[in-house]
Amino acid sequence: MAQESDLDGTIRLRIRSLRKARGWSLDNLAERAFLSPSTLSRIETGHRRISLDQLTSLARALGTSLDQLVESVDDDVAIRPHRDEQRGMTTWLLSRESGPSGITVAKMRITDEALGGGDDQLGVHPGKDWFTVLSGTVTLLLGERTNHVETGQAAQFSTMIPHAIKAHGGPAELLCILDRDGQFTRLRPPV
């Protein structure tokens, strides 16, 4: 019961905060959501229960989804690393769920060992990978080419080209954006 009440209060706070962030008065939002200003005021202050049709109308008026408006508060906000000693990498998944089109964002720390195979073990999978180097230098092997990507630089490539990524001259940290196929090959330990 307390959890339901907490979520209810969170939803009310989200509605009020989104309204104020847009610089809208109660009247402005009420008009956009097809509600009376007094009904909206009672919703925001907790003096009226929120119906599903009102939530849907408010989400649409505020330019958000119903899911985002009513999503529960996750108590565990810490992002814990996943260490894969065999592949010489540590990964922090920065997106808890896949984003649009199955996109995943991750921070990775790799050592001198190759990520995804050594020079003789270039891998392929459907999709595209994008990364920027936060620290260190990485060697990106793409087919017959060897590319050095340094701190502050980025790379994007089709993952259908045989490839491997490894640290060059010491550990390196990357911020990666991976599609669904890249997520499964990069972030999951080999089976």
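Apply the Kirkwood formula to the range 2-70: the hydrodynamic radius equals the inverse of the mean of 1/r over all pairs of different alpha-carbon atoms; give it in Å with one decimal.
On the way: mean 1/r = 0.0851 Å⁻¹.
When all Cα pairs of the range 2-70 are included, the Kirkwood radius is 11.7 Å.
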Contour excess over end-to-end distance, with Cα ends at Arg49 and Val70 and 0.36 nm allotted per residue:
6.2 nm
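Values quoted throughout were computed directly from the atomic coordinates according to the rules given, and no laboratory measurement underlies them. None of these values were measured; they are calculated from a predicted model.
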